[in-house]
Each structure stands twice: as structure tokens, then as C-alpha cells.
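First comes the structure, then the notes that go with it.
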């Protein structure tokens, strides 16, 4: 496999690799597209996705994984992992294992954003969902994943929310029975009303209530802070109140859904808070790049270095 050099065009000398952030600062006046910061030692497990660094690493997925590791990222997530050929899944898993990287979430089932998948109590839809959960167990084993994303679907306008909630809880209990023997966890993702209008699950307290009712270690919350900033804000208090049921975080700044530091969310404070609470899981980088090309990829790495610069007591 073709290796990508982490140092571009000789812009950073061997001394820069030794002196770390000081060398980065000394080269920051050069064009961003030509200067990559040295490998970061992140405090949290930030997980990029495929395509995020393709201008440096190229289209080859394994080269992209290598670049992520060379930049200092210790995890990676891929929503579409269960759609990839088995051979590619195995290659990605092997590459990540060799680099000491952890696999983040993938989407566990097909999602139709206008379909009321789990809320109706429809037996055919439920069985289809459970079949896909079983298939996702095999994917998770293959790629060494521990988490998979679940979205209950659109609201059913013909049913009261109480009945819909009961149907979702019943479905997730059934799914948990499949996942528990394998120590796997589905994480429920509340999504905001602006980007995904009409979805059943949209708030952290709502997800917390459902996870409490399911009562399984295999059913937790995916707290995507981009969605929650739009829908209800109150990020840190909701993190604290729902803490025992949060299994995974994803991030993106608002407005724009780009990397931290490009919007209104104080990710430095948020990341310091969850680190201080002892979070050892993965923080998925569920967003785009604010600038195109290599310059945007460099800016992204620098943004995460900035929000990861909090002090540790």
C-alpha cells in the first residue's frame, strides 16, 4: 500500500517533530495547505471519518486511516461500515488494530427519514429492524466495534406520543436481548428539528427516559452536541443529568456543522467537562470541513488541538 508522508514539501523540519507545538507555532505563518502540525497527543479519543483527509491521504481508505493515526487521532467512525464489502471491512479493521486505533459507531439499520420505523408497533417493521441488528452484530465483530447508531424514525401522527414511546421501548428491549450477549451497545441519537423535522427522538431528556425504561447496558444515548445545541441547548447540564445513560458523543459546531471553533459552541469547556467526568469513550467528528482542500484539513487538525488544550487537574 502506498504510504503518505505526514510532512509535506519539507515545510516542517525534523526538529519540528521533536519540539511539538512550539515548532507548529513557528511555522504557522506559512500557507496552511503546506504545513501540517506535528502529531498531536489528544486527551480525548476524537474519531474522524472517511473523506475528512482525502486531499492529503488520497482516496484509498487504508491510506486515510494511516493519515488519521499520523495526525494523532486514536479512533475512527464510519456510518456506512455495514454497507462495505466484507473484505474491505476486514482490511480496515486490521489496519486500525495495527495502528492501535478504536472503531467508533456505524449505523445499525436502514433509515428512512420519513418512515415511522419503531414508533408504530408494526410487527413487520420491527422484525426487519431486529434482523438488521443481528446482521450488525456480525459487522461489529468483524471491525472490532462496540457501538452502533439507532434512530427510531419519524413520528406517527395517528398515535399519541405515549403509545409511540411504549412501542420504541419494546423494540429496543428486543434489540438489547440480541446485543447483550456480545457486549455491544446501540446508541440512540436525538436529531434536531431543523435538519430532520418530524423525527420522534429529538431531546436528551427524552432519550434518557427511554434508556432508563429499557434498562440495558446495550441501550445508551449518542449525544450529538451539534443537534442538541440547535434543539435545546443547555449542553453541559443535560450531559450531567443524563450522564449514566450517555455512551457516545458526536460533535460539530453551529451554525454550519463544521469543526469546533467555527461556530458558537465552546468546545474547549465542553471537552474539559466530559474529560473531568472521566469519559474514556469516543468523540465522533460528525461534521464537514470549514475550508476546502489541504488547507481545510490542516485547519481541522489545528481546531481540535485548540479545543483539546484544556488543563487537567
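The values are calculated or read from the model by the stated rules, or taken from the named source; none is laboratory data. On a predicted model such as this, the values are computed, not experimentally measured, just so you know. Here the Cβ positions follow ideal geometry from the backbone for every residue, glycine too, while neighbour counts run over all protein chains shown.
Structure summary
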quantity: Tally of residues being touching a residue at least 40 places away in the same chain (Cβ under 8 Å) and either farther than 26 Å from residue 185 by Cβ or assigned to a loop (DSSP other than H, G, I, E, B) (or both) across region 258-268; calculated: 6
quantity: Filtered residues of region 283-300 (kept if in contact with a strand residue (DSSP E or B) (Cβ under 9 Å, 6 or more places away or on another chain) and either in a loop (DSSP other than H, G, I, E, B) or modelled with pLDDT under 95 (or both)); calculated: 286, 287
quantity: Residue check, residue 278 touching a residue at least 24 places away in the same chain (Cβ under 8 Å), within 26 Å of residue 209 (Cα to Cα) and out of contact with any helix residue (DSSP H, G or I) (no Cβ under 9 Å at 6 or more places or on another chain); calculated: no
quantity: Every residue from region 175-192 that is surrounded by fewer than 19 Cβ atoms within 10 Å (Cβ to Cβ) and in contact with a helix residue (DSSP H, G or I) (Cβ under 6 Å, 6 or more places away or on another chain); calculated: 178, 182
quantity: Residue match in region 164-173 (condition: touching a residue at least 24 places away in the same chain (Cβ under 8 Å) and within 22 Å of the chain's Cα centre (by Cα)); calculated: yes
quantity: Lone qualifier among 251, 270 - being closer than 27 Å to residue 58 by Cα and touching a helix residue (DSSP H, G or I) at 6+ places or on another chain (Cβ under 8 Å); calculated: 251
quantity: Residues being more than 19 Å from residue 44 (Cα to Cα) and in contact with a strand residue (DSSP E or B) (Cβ under 6 Å, 6 or more places away or on another chain) - total across region 256-282; calculated: 0
quantity: Candidates 75, 47, 71 - the one that is within 19 Å of the chain's Cα centre (by Cα), farther than 28 Å from residue 111 by Cβ, modelled with pLDDT of 95 or more and buried (at least 19 other Cβ atoms within 10 Å of the Cβ); calculated: 71
quantity: Scan of region 218-243 for residues that are crowded, with 24+ Cβ neighbours inside 10 Å and at positive phi, ordered by number; calculated: none
quantity: Scan of region 138-148 for residues that are surrounded by fewer than 18 Cβ atoms within 10 Å (Cβ to Cβ) and in a helix (DSSP H, G or I), ordered by number; calculated: 138, 141, 142
